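What follows is a single structure, written as structure tokens, with notes after it.
The values are calculated or read from the model by the stated rules, or taken from the named source; none is laboratory data. Note that the structure is a prediction, hence the values are computed from the model and not measured. Virtual Cβ from ideal backbone geometry, glycine too; neighbours counted across all protein chains shown.
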Amino acid sequence: MVSRDAAMAHLIDRVTRARAVQQPLEIRGAGSKRFYGEEPRGELLDVSALAGITSYEPTELVVTALAGTPLQELEAALAAHGQHLPFEPPRFAAGGTVGGMVAAGLAGPARAAVGSVRDHVLGVTLLNGNAEVLSFGGQVAKNVAGYDVSRLVVGSLGILGVICEVSIKVLPAAAATATLRFDCGQQQALQKLNAWRGRPLPINASAWHDDRLYVRLSGSRAAISEACRDLQGTELAPAASQSWWTGVRDQSHDFFVLGEEDLLRGECLWRLSVPATTAPLDLEGRQFIEWQGALRWFRTRAAAAEVRAAAVRAGGHATLLRGADKTPGAFTPLNAVLMGIHRNLKQAFDPKRIFNPGRLYAGL
């Protein structure tokens, strides 16, 4: 196994040499999220050797791990102490890493109840485009002061620098969980979710698809029992519940799987973030709803402009997650002011523009 110091020295040397000749670098751990965003380009900068849990204080609910640490390894260590990553980072393929989790900033079914990846990142060590190692934030919430650069890195897809180490707030696993199923159409499902949101129910996740609403309850055994009696849905067996939510989290459910023929027909997978109270959206194609109505997935052949216009009308935005043609851009185009901010940040952290060029937006 390569030591941490040796792995860091190798990365610093690679960045130094790339900077000297302005050679673009594609930062990659396991590559499980390589499909996300714009097409990666540049020479491979492999960070998988920078792996291991460097600090874990279960009583403090904080863990610090190097970027190349497999998520599976991190979550096993947390589970041994009855703790977990509450935002449920998705695994699109085997081997996903801590660095990729932070760079992508994607959360799973519990996002609406517990917060995003950004909400749980306390500190980050970053290797910038000048081959400098910078540390931001800390290992406890009270140390996060001033400009919160550690959270700025979340979801940046590596365009600001190489994520080397991350400190994350974790939570105890729930004492009990249960999943209830309700047979209902989309409108009725949204009405139920909106009504339940105003009540003190231990709802941890929800998902609607094909006229079935699934609701996961999480908390104390007494609270779960009471909520099950109150809501009166059909309770899933533990194994079936686990299988369902794992399929939603990792997008292994058949709704999310686009084969080669689907892509050739022009089918795309869109992720629309909208207010939870938004009425059903008028777009053709199959739908999947999460986050108590705030996340609307569309599997559709509708034009990008039509999908994005529907999201804007609802007060949200749309991301093209999967599709054979990403020329419309994976992410919603930014106005001049926001793009200016992005360019200034890129200039500050990576002035030679060597890290993941164009991965988030062209020109960054």
Exactly one of L264, L258, L272, L334 is buried (at least 17 other Cβ atoms within 10 Å of the Cβ), farther than 25 Å from A195 by Cβ and not aromatic (F, W, Y), and that one is L258
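Residue-by-condition table, conditions (1) among the charged types (D, E, K, R); (2) under 30 Å from A303 (Cβ atoms); (3) assigned to a helix (DSSP H, G or I); (4) under 27 Å from the mean Cα position of the chain (by Cα):
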| position | (1), (2), (3), (4) |
| --- | --- |
| Q188 | no, yes, yes, no |
| N204 | no, no, no, yes |
| D230 | yes, no, yes, no |
| D262 | yes, yes, yes, yes |
May I ask you to verify whether G233 is touching a Pro at 6+ places or on another chain (Cβ under 7 Å) and either touching a residue at least 60 places away in the same chain (Cβ under 8 Å) or more than 26 Å from A93 (Cα to Cα) (or both)? no
List the number of the failed condition for R286; all other conditions in (1) of a type outside the set (S, T, Y); (2) buried (at least 18 other Cβ atoms within 10 Å of the Cβ); (3) closer than 25 Å to T332 by Cβ hold. (2)
Would you be able to tell me the number of residues in region 337-364 that are under 27 Å from V274 (Cα atoms) and surrounded by fewer than 16 Cβ atoms within 10 Å (Cβ to Cβ)? 7
Just to be sure I understand, how many residues within region 242-295 are under 18 Å from S32 (Cα atoms) and of a type in the set (V, I, T)? 3
Quick one: what pairs do we get from region 1-27, first residue farther than 16 Å from S48 by Cα, second of a type in the set (D, E), C-beta under 8 Å, 6+ apart or different chains? A18/E43; Q23/E43; P24/E43
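Starting from residues that are among the hydrophobic types (A, V, I, L, M, F, W, C) and in contact with a Lys or Arg (Cβ under 6 Å, 6 or more places away or on another chain), keep the ones in region 237-273 and report whichever is modelled with the lowest pLDDT. Break it down stepwise before answering.
In the first step, residues of region 237-273 are kept if they are among the hydrophobic types (A, V, I, L, M, F, W, C); the result is 237, 239-240, 244-245, 248, 255-258, 263-264, 268-270, 272.
Cutting the leftovers down to in contact with a Lys or Arg (Cβ under 6 Å, 6 or more places away or on another chain) gives us 258, 269, 272.
On the way: L258: 94, L269: 97, L272: 98.
Looking at the filtered set, the residue picked out is L258.
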Would you please name the residue that is farthest from W245 (Cα to Cα), looking only at residues in region 107-129 that are touching a Ser or Thr at 6+ places or on another chain (Cβ under 9 Å) and in a loop (DSSP other than H, G, I, E, B)? A107
When the residues of region 73-91 are filtered to those that are in contact (Cβ under 8 Å) with a residue 12 or more places away in the chain, within 19 Å of A104 (Cβ to Cβ) and out of contact with any Ser or Thr (no Cβ under 7 Å at 6 or more places or on another chain), which remaining residue is surrounded by the fewest Cβ atoms within 10 Å (Cβ to Cβ)? E73
Unique residue being surrounded by 13 or more Cβ atoms within 10 Å (Cβ to Cβ) and in a helix (DSSP H, G or I) when the list is S252, S156, S218, S150: S150
Out of (1) more than 30 Å from Y56 (Cα to Cα); (2) assigned to a helix (DSSP H, G or I), what's the single condition that is false for F182? (2)
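For every residue, the table says whether it meets (1) assigned by TED's automatic domain parsing to the domain that holds R41; (2) under 21 Å from G105 (Cβ atoms); (3) touching a Ser or Thr at 6+ places or on another chain (Cβ under 9 Å); (4) not small (G, A, S).
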| position | (1), (2), (3), (4) |
| --- | --- |
| L264 | no, no, no, yes |
| R271 | no, yes, yes, yes |
| L281 | no, no, no, yes |
| L295 | no, yes, yes, yes |
| A303 | no, no, no, no |
| L334 | no, yes, no, yes |
| L338 | no, yes, no, yes |
